[in-house]
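Notes follow the structure.
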Amino acid sequence: MKSIVKKILRLLLGDYSAYHVYRNGAIAPAPGNGLVVRQLDADDLRRSPDAEIGEQAFYLGEGAHGFGCFDGDVLAGVCFYWHGQRYLKRNFWPLARGEAKLVQILTLPRMRGRSVAPTLIQESARAMQALGFAHTYARIWHSNTPSLRAFARAGWTRVATVIEVHPFSMARAFRLRLRR
């Protein structure tokens with residue numbers, strides 16, 4: 001019965017997406033886990049022996065800030081924020097002046113479970129505040145439990161859920177923003 005209902009809903013509503021939107025909260029002191037977060041440039045990414053890290057250079061450029069989390073000499077994870085004109089390419093969540101959105105975060109698979117993501121999220125948000133950004137946001141797929149946990153551990157709070165559907169296979173999505 002469930003599969004029939006799902007098929008009917010898919011037929012009527014088309015493709016869907018459901019994201020939670022998080023915003024940086026009060027930033028706690030650094031975790032003291034030996035990890036170091038600093039701002040990155042394209043050369044930092046190109047020097048990484050991990051192809052996954054090097055491929056992230058696309059996220060840098062005008063209107064972007066990139067950060068890396070280092071475990072000693074190992075670049076264990078990266079994240080990128082966009083703002084201003086650069087962010088308008090995505091424009092998923094409305095940003096005011098002095099706000100940015102975390103558009104990409106990556107932790108190397110072998111480094112997972114070492115608090116890389118929460119440290120990177122927390123410390124990059126602190127750096128963004130130092131650069132003059134009052135708020136930073138991120139969107140997380142509704143069922144991505146590891147990311148939801150990482151943002152919660154970093155002190156970010158959920159401010160909304162956004163659901164998009166494409167009824168009757170329409171090209172333009174119907175977007176519902178449920179603010180908390």
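Laid out as a table, the results:
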quantity: Residues in the range 61-81 that a label on residue 51 would reach, taking backbone N under 19 Å of a point 7 Å out along Cα→Cβ; calculated: 75-78
quantity: DSSP bridge pairs, the chain: antiparallel proportion in percent, nearest 5; calculated: 90
quantity: Stokes-Einstein D in µm²/s, Kirkwood radius over Cα pairs - the range 2-179 at 10 °C with 1.306 mPa s viscosity; calculated: 92
quantity: Estimated [θ] at 222 nm from DSSP helical runs (n ≥ 4, -39500 (n - 2.57)) normalised by residues in the chain, nearest 500; calculated: -7500 deg cm²/dmol
quantity: In the range 34-138, the trypsin sites (Lys or Arg not before Pro) that fall in loop regions by DSSP, at most 10 other Cβ within 10 Å; calculated: 89, 97
quantity: Relative contact order (percent, whole number), the range 77-160, Cα cutoff 8 Å, 6+ residue spacing; calculated: 32
quantity: Over the range 1-85, volume per residue of the alpha carbon convex hull, in Å³; calculated: 210
quantity: Nearest-0.05 FRET efficiency for residue 110 and residue 62, computed from C-beta distance (R0 30 Å); calculated: 0.40
quantity: Inter-label distance, nm, simple model (7 Å from Cα along the C-beta direction), residue 42/residue 180; calculated: 3.8
quantity: Value of relative contact order over the chain, rounded to a whole percent, pairs C-alpha under 8 Å and six or more apart; calculated: 33
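Values in this text are rule-based calculations from the coordinates and carry no lab data. It should be emphasised that the depicted structure is a prediction, and the values quoted were computed from it without experimental measurement. Ideal geometry is used to build each Cβ from the backbone, glycine not excepted, and the neighbour counts take in all protein chains shown.
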